[in-house]
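Below you'll find the structure, written out as structure tokens, and then a few comments.
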Amino acid sequence: MSVANAGPYGGPIKQNYPRNQWWVAAMSEEVTRDPRQRWILDYPVVLYRKQDGTVVALDDRCPHRWAPLSKGWVEGDNIVCGYHGFRYGPQGTCVKVPTQETQPSLARVKSYPVTERAPLIWIWTGDPALCHESSPPDIPWLQDAGWRGSRGYMEIAANYMLLKENVLDLTHFGYVHRSTFKIYDWNRAPSVDVENGQVEFRLDFPAGPLAPIFAEMTGFGSRPISRVNWGRYLSPALQHAGQDFTDPDPQPGGRQQVSFRVLHATTPVSPARMHYFWFFAFDLPLSQDQIDRIVALTLKGFKEDDDMISAVQEMMERDPRGVDYPEVMVATDRSAVQARRLLQKQLTAEAGLHSEPSLPQPP
Amino acid sequence: MSVANAGPYGGPIKQNYPRNQWWVAAMSEEVTRDPRQRWILDYPVVLYRKQDGTVVALDDRCPHRWAPLSKGWVEGDNIVCGYHGFRYGPQGTCVKVPTQETQPSLARVKSYPVTERAPLIWIWTGDPALCHESSPPDIPWLQDAGWRGSRGYMEIAANYMLLKENVLDLTHFGYVHRSTFKIYDWNRAPSVDVENGQVEFRLDFPAGPLAPIFAEMTGFGSRPISRVNWGRYLSPALQHAGQDFTDPDPQPGGRQQVSFRVLHATTPVSPARMHYFWFFAFDLPLSQDQIDRIVALTLKGFKEDDDMISAVQEMMERDPRGVDYPEVMVATDRSAVQARRLLQKQLTAEAGLHSEPSLPQPP
Amino acid sequence: MSVANAGPYGGPIKQNYPRNQWWVAAMSEEVTRDPRQRWILDYPVVLYRKQDGTVVALDDRCPHRWAPLSKGWVEGDNIVCGYHGFRYGPQGTCVKVPTQETQPSLARVKSYPVTERAPLIWIWTGDPALCHESSPPDIPWLQDAGWRGSRGYMEIAANYMLLKENVLDLTHFGYVHRSTFKIYDWNRAPSVDVENGQVEFRLDFPAGPLAPIFAEMTGFGSRPISRVNWGRYLSPALQHAGQDFTDPDPQPGGRQQVSFRVLHATTPVSPARMHYFWFFAFDLPLSQDQIDRIVALTLKGFKEDDDMISAVQEMMERDPRGVDYPEVMVATDRSAVQARRLLQKQLTAEAGLHSEPSLPQPP
């Protein structure tokens, strides 16, 4: 147990997000030929698709009179400002001022590097020269027809790391989700590994009855099933999680193993708000009706998380002790503390600092 | 008449509340086995009852991840954090972290001294070592079966002293409440006494017709009745007021005297908001129907006060002259000025200052 | 083309309004015997009419307890504070404190110079000694029975100069109003003249079909009509605009010329909000039904402007680049840039500064 200042928040709530990395800007179906505004890491971005379907991300502020380009429309591969008709190409160059022949060379908006790996559209808001040094992670099940599930989007009034820390300590299941997911045995500290800038926790559960939603969806019903539950902090943008169910006594015609995956992508709107994109799937041919029921339950559960972390955010903003107040750490915080440490390292590197601040020590 | 800066506000709207005194946290019926959050003097407090019915008031911020404890629940005499299940006893000690055997000794929340004198629950948010040097005032009629009345709660978007000053100058009756309470003879400066850190004003009215609501409730009807109306500033937390009606020509079987009492308890949420608890009663066996009618009228009148003092608060916040602007004082402000002076003395003492700031002088 | 900081905004959004000039406080019909509150150039003002119909404008903050006088009522030519009944005359002198015989000489509110030229009520919030050095402009058609039209009021969440710049560059017609006003030929830079502290632009259109609303209202129908469209920045408070239509081949019994006028009056509420008063008329005997249809279309169009400039205001407030970010200027910005330059000169003069800041140069 240790008491320490909360690393990434230290002081009034402020930017705690590295810019030189890929963040999720949108889900593929959210970006069309109609321009969409999305505030990302404090800045306004407009997203649209070119005629060939590729995604364009531009600074959403016309340098002429500062109108959001997203209030305009797309013609060909260009976006037309809805205020005075200035037209910008996908690289952000002004290709036409309607009232004159020559285009002002300084009329240019920033174009953001974008990578689409459906169903995810990734954006790089930092130094564009560095964007080729890394690439968004591959999450194969997201596009595998053998995996059935769903996805969705919420905006949450909380710092994005509050959701990261939520999914890095699943002991909250027995409290926040006690009446929804009904998983009551997440009551021990998992094993934690830090490798390649990622944090992975893992907890093995001996054979026992599954929570109702898993009992039903996996088809294992009430028979005792063993399972492994793991979560992996891939970057400040992404948490990957899974449950692998094993039937110790497989039935004729029944599966021995079923897998379940979840992806939590968080992107800061500002220090106090986040975009939250979620994805889940089973490696099972679930019916639409089954999926609908999982989604209904999941949304109820995510609302519980939203309520809780928004309340924590309110504490950080409204309580006079703010964020300069010690937190108590216990063994189950090891994953979150390791993730904070990686984040702090990344922020320090990005700021060009070589000294490392003292960090909370997990017990 | 004098012009002076508003003592307690001086400068941008700020904390003008002493902490080393008893404040009303809630009415008895508001605190149950279900934890309730209430922000008091800037801090979040959770209130609940133990099995024996006594009230517990704890810092409403779990030191683990800063979740409000009030989002959890009570088990036995302990409160369970709704995020990860940390359990705290009534003294604020962490008695159980569900995932481990040993409890971190630093996991502890502040426990506030509380005194219940039904229907009031009092809290002490200052130095706990000093809480035994004073006790909440006794208001006997609040629990006397011979007194019939009602009580209620409002949150008002104004500094708590704006309500204090409202009830310390009842000449506002003829203006703010001209169409509700219909009391038009409160048009002179009352006598004012300052004694034992309290301010009392008193105004005698010669026999005359009563305002409709009093004519009806007292049973005196339209006959001329004399009355005394007084108000007493007991502390920044409490204003006690009364009207004593006397029939100069008592009727056979009729009362010669009837008394009416009001209690205004205000507790700062923050410098710009207050909790307002109100109580009234007559020493009469009023029917529930009569009480309901008084409550309806009272709520209308209190809404008029709310509108007015919220408008004053808006001036203080929005007008560029803010609170550093002279106020004009007249004779009827004597009670309010004396109360401000007592408050300033209390704030100065609490700040450990020995110099006394110059204060507005009542005429 | 040039890139420069936005003159009047420079830095965080701040006051960019001169006080030593006439601003529109209200339309005539808005001010009655019932006092009305209006925040003007950051300060609260109460407006009412005396018995003889003349308009009074007073500081809307009673110096006694800071209640808005506008929550009170008018008796004779005086206003009564709705809190404790202090009574003020039209010059702002306290003429009666109800509870005493002598009136405190310091109880006085500021009285603002006001000039009514129906349907406009003008106010001077600066140095009153200077108010006679200028007078509100005369706009004869506003009161000419030969001109038929309408007027209205909106509050817009944007700096008042954003509306000024909107009406100083009518190339926005083809974009913002493409589906309402349907004027598609405003696609060239107009000629611009600066004279006597005013900016006038003018654009001549050769004979051609009119936009539907003008085709109908002028009675010219689908025949080719030539027109001149001009706009004049009279002061930071007022933009005057007109269209003069000429039939090159007048029909028997038909008009050869029809004129249309618009007045845009803007008054800052604060740096980020404005009062917007609009007026239009044709020199034609339009029916009420015709007027109603123009109003319906106009309100739709003004809502489009409101949406656009409120979005620009949001950029200025929320985007971290704020207002210290270069704007790109093109030829069609000449009118707006000249108006900014005049405004800057006025602000500099008012601040008693003799150095002139460098300003954006129109191309």
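The values are calculated or read from the model by the stated rules, or taken from the named source; none is laboratory data. Just so we're clear, the structure is a prediction, and the values are computed from it rather than from any experiment. Methodologically, a virtual Cβ is constructed for each residue, glycine included, from the backbone with ideal geometry; neighbour enumeration extends over all protein chains shown.
All but one of (1) free of Cβ contacts under 8 Å to residues at least 12 places away in the same chain; (2) closer than 19 Å to A:S150 by Cα hold for A:G221, so report the exception by its number.
It fails just one condition, (2).
Could we say that B:R321 is within 11 Å of chain C (Cβ to nearest Cβ) and either among the charged types (D, E, K, R) or in contact with a strand residue (DSSP E or B) (Cβ under 8 Å, 6 or more places away or on another chain) (or both) here?
Details: within 11 Å of chain C (Cβ to nearest Cβ): yes; either among the charged types (D, E, K, R) or in contact with a strand residue (DSSP E or B) (Cβ under 8 Å, 6 or more places away or on another chain) (or both): yes.
When the stated conditions are applied, B:R321 passes them.
Surrounded by fewer than 24 Cβ atoms within 10 Å (Cβ to Cβ), within 11 Å of chain A (Cβ to nearest Cβ) and out of contact with any helix residue (DSSP H, G or I) (no Cβ under 8 Å at 6 or more places or on another chain), is that true of B:D42? Can you show your working first?
Working: surrounded by fewer than 24 Cβ atoms within 10 Å (Cβ to Cβ): yes; within 11 Å of chain A (Cβ to nearest Cβ): yes; out of contact with any helix residue (DSSP H, G or I) (no Cβ under 8 Å at 6 or more places or on another chain): yes.
The answer is yes for B:D42.
Condition first: within 11 Å of chain B (Cβ to nearest Cβ) and in contact with a His (Cβ under 7 Å, 6 or more places away or on another chain). Now tell me which residues in the range A:157-168 satisfy that.
Result: A:N166, single match.
Does B:V295 count as crowded, with 19+ Cβ neighbours inside 10 Å and either touching a Ser or Thr at 6+ places or on another chain (Cβ under 9 Å) or over 25 Å from B:T125 (Cα atoms) (or both)? Before you say what the answer is, go through the steps one by one.
Details: crowded, with 19+ Cβ neighbours inside 10 Å: no; either touching a Ser or Thr at 6+ places or on another chain (Cβ under 9 Å) or over 25 Å from B:T125 (Cα atoms) (or both): yes.
Considered against the rule, which asks whether it is crowded, with 19+ Cβ neighbours inside 10 Å and either touching a Ser or Thr at 6+ places or on another chain (Cβ under 9 Å) or over 25 Å from B:T125 (Cα atoms) (or both), B:V295 comes out as no.
Working only within the range B:327-346, note down all residues that are more than 16 Å from B:N166 (Cβ to Cβ), facing another protein chain (nearest Cβ under 9 Å) and assigned to a helix (DSSP H, G or I).
Across the range B:327-346, the qualifying residue is only B:A331.
Against the definition (over 17 Å from C:L170 (Cα atoms), touching a residue at least 12 places away in the same chain (Cβ under 8 Å) and charged (D, E, K, R)), how does C:D283 come out, yes or no?
Details: over 17 Å from C:L170 (Cα atoms): yes; touching a residue at least 12 places away in the same chain (Cβ under 8 Å): yes; charged (D, E, K, R): yes.
Considered against the rule, which asks whether it is over 17 Å from C:L170 (Cα atoms), touching a residue at least 12 places away in the same chain (Cβ under 8 Å) and charged (D, E, K, R), C:D283 comes out as yes.
Working only within the range A:93-113, note down all residues that are away from chain C (no Cβ under 11 Å) and surrounded by 19 or more Cβ atoms within 10 Å (Cβ to Cβ). Please lay out each step first, then the result.
Residues of the range A:93-113 away from chain C (no Cβ under 11 Å): A:93, A:95-96, A:111-113.
If the condition is that a residue be away from chain C (no Cβ under 11 Å) and surrounded by 19 or more Cβ atoms within 10 Å (Cβ to Cβ), then A:Y112 is the only one that fits.
Taking the condition modelled with pLDDT under 95, part of a helix (DSSP H, G or I) and crowded, with 19+ Cβ neighbours inside 10 Å, does C:M315 pass? Lay out the reasoning, then the answer.
Working: modelled with pLDDT under 95: yes; part of a helix (DSSP H, G or I): yes; crowded, with 19+ Cβ neighbours inside 10 Å: yes.
Judged against the criteria, C:M315 is a match.
Which count do you get for residues in the range A:87-133 that are touching a strand residue (DSSP E or B) at 6+ places or on another chain (Cβ under 7 Å) and polar (S, T, N, Q)? Please lay out each step first, then the result.
Here is the first cut: in the range A:87-133, the residues touching a strand residue (DSSP E or B) at 6+ places or on another chain (Cβ under 7 Å) are A:87-96, A:103-104, A:106-116, A:119-125, A:131.
From what is left, the residues that are polar (S, T, N, Q) are A:91, A:93, A:103, A:111, A:115, A:125.
Qualifying residue count, the range A:87-133: 6.
Can you report the number of residues in the range A:114-130 which are buried (at least 17 other Cβ atoms within 10 Å of the Cβ) and either among the hydrophobic types (A, V, I, L, M, F, W, C) or within 14 Å of chain C (Cβ to nearest Cβ) (or both)?
Total satisfying the criteria: 7.
So, C:L170, is that one under 20 Å from the mean Cα position of the chain (by Cα) and either over 20 Å from C:G242 (Cβ atoms) or surrounded by fewer than 15 Cβ atoms within 10 Å (Cβ to Cβ) (or both) or not? Don't jump to the end; show me each part of the working.
Working: under 20 Å from the mean Cα position of the chain (by Cα): yes; either over 20 Å from C:G242 (Cβ atoms) or surrounded by fewer than 15 Cβ atoms within 10 Å (Cβ to Cβ) (or both): no.
In short, no.
Within the range C:185-215, how many residues are more than 21 Å from C:V330 (Cβ to Cβ) and touching a residue at least 24 places away in the same chain (Cβ under 8 Å)? Before you say what the answer is, go through the steps one by one.
If we filter the range C:185-215 for residues that are more than 21 Å from C:V330 (Cβ to Cβ), which is where we start, we get C:195-198, C:206-215.
From what is left, the residues that are touching a residue at least 24 places away in the same chain (Cβ under 8 Å) are C:197-198, C:207, C:210-214.
Total satisfying the criteria: 8.
When the residues of the range C:176-211 are narrowed to those that are more than 14 Å from every other protein chain (Cβ to nearest Cβ) and among the β-branched types (V, I, T), which ends up farthest from C:L238 (Cα to Cα)?
First, pick out the residues of the range C:176-211 that are more than 14 Å from every other protein chain (Cβ to nearest Cβ): C:181-182, C:193-200, C:202, C:204-211.
Okay, now just the ones that are also among the β-branched types (V, I, T), so C:194, C:199.
Values: C:V194: 15, C:V199: 11 Å.
Among those that are more than 14 Å from every other protein chain (Cβ to nearest Cβ) and among the β-branched types (V, I, T), it is C:V194.
Within the range A:216-234, how many residues turn out to be over 24 Å from A:V330 (Cα atoms) and buried (at least 20 other Cβ atoms within 10 Å of the Cβ)? I'd like the intermediate steps shown before the answer.
As a first pass, look at the range A:216-234 and keep what is over 24 Å from A:V330 (Cα atoms): A:216-227.
Remaining after also requiring buried (at least 20 other Cβ atoms within 10 Å of the Cβ): A:217-218, A:220, A:225, A:227.
So the count comes out to 5.
Kindly indicate which of A:V312, A:V295, A:V269 is within 12 Å of chain B (Cβ to nearest Cβ), among the β-branched types (V, I, T) and at negative phi.
A:V312
Quick one: how many residues across the range C:59-87 are within 9 Å of chain B (Cβ to nearest Cβ), more than 29 Å from the chain's Cα centre (by Cα) and touching a residue at least 24 places away in the same chain (Cβ under 8 Å)?
3
Report, by residue number, each residue of the range C:63-97 that is among the hydrophobic types (A, V, I, L, M, F, W, C) and touching a Phe, Trp or Tyr at 6+ places or on another chain (Cβ under 6 Å). Show your work before the answer.
To start, the set of residues in the range C:63-97 that are among the hydrophobic types (A, V, I, L, M, F, W, C) comprises C:66-67, C:69, C:73-74, C:79-81, C:86, C:94-95, C:97.
The answer is C:A67, C:V74, C:I79, C:V80, C:C94, C:V97.
So, of the residues in the range A:248-278 that are among the hydroxyl-bearing types (S, T, Y) and under 30 Å from A:Q313 (Cα atoms), which turns out to be surrounded by the fewest Cβ atoms within 10 Å (Cβ to Cβ)? Steps first, answer last, please.
From the range A:248-278, those among the hydroxyl-bearing types (S, T, Y) are A:259, A:266-267, A:270, A:276; that's our starting set.
Next, only the ones that are under 30 Å from A:Q313 (Cα atoms) stay: A:266-267, A:270, A:276.
Values: A:T266: 26, A:T267: 25, A:S270: 19, A:Y276: 22.
That would be A:S270.
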